[in-house]
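**Student:** Here you go, one structure.
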């Protein structure tokens, strides 16, 4: 387990994460990229439990995602299955599990204040925390994509499912963008990753 985790996690996080996985009796499955999620947790038909994490995540996002999914397992076991997936019980478990990892031996100094701030009230996805998401992206391999907030207004861009849009004005927190083929309006988070086609 530690050998495998060593390929995906910061070195000083390998042992504690390995211990958490062992204690939780959960099967960790590392899979190819899924564009709609970084990871997930599920209870299988035979009663066993599985956490699935995308292999393409940088080591810091991989760590946050693994702890996020372990928090689901622990919250369900501690509080029962009727709780909200990202409710107060999950937030409490996520914060408690993550706290020992928020230190300079594991995360770069530039990420620490952003992570500490995020975990005051963790959200369903670290991607919805724009500052943290942008900071974490610096550690990704180059993929030729931009965040929506980086591209000029009026630009044409493509998203993961092949649909193309024209970037419009910012509406409070999100950008109003028009689908090129249908003229329908969609709202995008500023840190949604897109492929710029025409500026």
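**Student:** Just want the ordering: 79, 8, from fewest to most Cβ atoms lying within 10 Å of their own Cβ.
**Tutor:** In order of increasing Cβ crowding within 10 Å: 79, 8.
**Student:** Here's another thing I want to ask about it. In which sequence would 17, 88, 180 go, from the one with the fewest C-beta neighbours within 10 Å to the one with the most? The partial results should precede the final answer.
**Tutor:** On the way: 17 23, 88 12, 180 15.
The order, fewest Cβ neighbours first, is 88, 180, 17.
**Student:** Further question: Determine the principal axes of the Cα atoms in the stretch 1-137, then give the extent along each, sorted from largest to smallest and rounded to whole angstroms.
**Tutor:** That works out to 42, 34, 29 Å along the principal axes.
**Student:** Next question. Return 68, 118 ranked ascending by Cβ neighbour count within 10 Å, so the fewest neighbours appear first. The partial results should precede the final answer.
**Tutor:** On the way: 68 25, 118 21.
Least to most surrounded, the residues fall as 118, 68.
**Student:** Tilt of helix 59-79 relative to the longest C-alpha principal axis of the chain, in degrees (0 to 90, nearest 10)?
**Tutor:** On a 0 to 90 degree scale, this one is about 60.
**Student:** Right, here's the next one. For residue 149 and residue 88, calculate 0.36 nm times their separation in residues minus their Cα-Cα distance, and state this gained length in nm to one decimal.
**Tutor:** Working: separation 61, 0.36 × 61 = 21.96 nm, distance 3.06 nm.
Once the chain is fully extended between residue 149 and residue 88, it gains 18.9 nm.
**Student:** Working from Cα positions, state the angle (0 to 90°, nearest 10) between the long axis of helix 88-98 and the longest principal axis of the chain.
**Tutor:** Long axis of 88-98 versus the principal axis of the chain: about 70 degrees.
**Student:** With the cut-off at 1.5 for a/c, could you classify the stretch 51-199 from its C-alpha gyration tensor as rounded, prolate or oblate? Mind showing how you got there, number by number?
**Tutor:** Values: a/c = 2.32, a/b = 1.72, b/c = 1.35.
Because a/c hits 1.5 or more and a/b exceeds b/c, the stretch 51-199 counts as prolate.
**Student:** Okay, next question. Note the angle between two axes, namely the Cα long axis of helix 14-24 and the longest principal axis of the Cα atoms of the chain, as a number of degrees from 0 to 90, rounded to the nearest 10.
**Tutor:** Compared with the principal axis, the helix lies near 70 degrees.
**Student:** How much length would be gained if the chain were fully extended between residue 184 and residue 112, taking 0.36 nm per residue of separation minus their Cα-Cα distance, in nm to one decimal?
**Tutor:** Working: separation 72, 0.36 × 72 = 25.92 nm, distance 3.97 nm.
Full extension from residue 184 to residue 112 adds 22.0 nm.
Coordinate-derived values only; no laboratory data. Small disclaimer: the values here were computed from a predicted structure and weren't measured. Positions of Cβ are generated from backbone atoms using ideal geometry, with glycine treated the same way; all protein chains shown enter the neighbour counts.
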